[in-house]
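**Q** Before I ask anything, let me first share the structure, which is written out below as C-alpha cells.
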Amino acid sequence: MPRSKHGPSIKDNETYEALRRDGASKEKAARIANAQAAEGEKTVGRRGGKAGSYEDWSVEKLRKRAGEIGIEGRSKMRKGELIDALRNH
C-alpha cells in the first residue's frame, strides 16, 4: 500500500499517488508530480506530444535515449523492448 506522505522530495502527493496507481514508476511519478506543483497542471500537460513516435526511431537513437534516462540493459534490448522500457520508465 502506498504511503500517503512521501517526504519533502514529493511536492504533490495526490498527483504522485494517482500516477503510481496508474502504473507509473516512482521516478516518473515524482518527476511529473513535482513539475505540476512547481509549474501548474496546464503548463505540464501542454508539453506532451511533441516527440515523434518511438516506432519511427532507429535502434541507435532509442539506445541513446535509454542511456540518457538510465535504463539498465539497453545494449542487449531489441527495438520493441527498448520502446517498452522507454514508455514505462
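The values are calculated or read from the model by the stated rules, or taken from the named source; none is laboratory data. All figures in this text were calculated on a predicted structure; none of them were measured in a lab. Every residue, glycine as well, gets a Cβ built from its backbone with ideal geometry; the counts of neighbours run over all protein chains shown.
**Q** Within the bounds of the range 72-87, is there any residue that is at pLDDT 90 or above and polar (S, T, N, Q)? Please lay out each step first, then the result.
**A** Filtering the range 72-87 for residues at pLDDT 90 or above gives 72-86.
So of that shortlist, the ones also polar (S, T, N, Q) come out as 75.
Yes, the conditions are met somewhere in the range 72-87.
**Q** Going by the conditions given, is ASP12 at pLDDT below 90 and surrounded by fewer than 18 Cβ atoms within 10 Å (Cβ to Cβ)? Give the steps one after another, and end with the answer.
**A** Values: at pLDDT below 90: yes; surrounded by fewer than 18 Cβ atoms within 10 Å (Cβ to Cβ): no.
Against the criterion (at pLDDT below 90 and surrounded by fewer than 18 Cβ atoms within 10 Å (Cβ to Cβ)), ASP12 does not qualify.
**Q** Where residues in the range 18-30 are surrounded by fewer than 17 Cβ atoms within 10 Å (Cβ to Cβ) and without any contact (Cβ under 8 Å) to a residue 60 or more places away in the chain, which of them is farthest from ALA85 (Cα to Cα)?
**A** Once the filter is applied, the top-ranked residue is ALA18.
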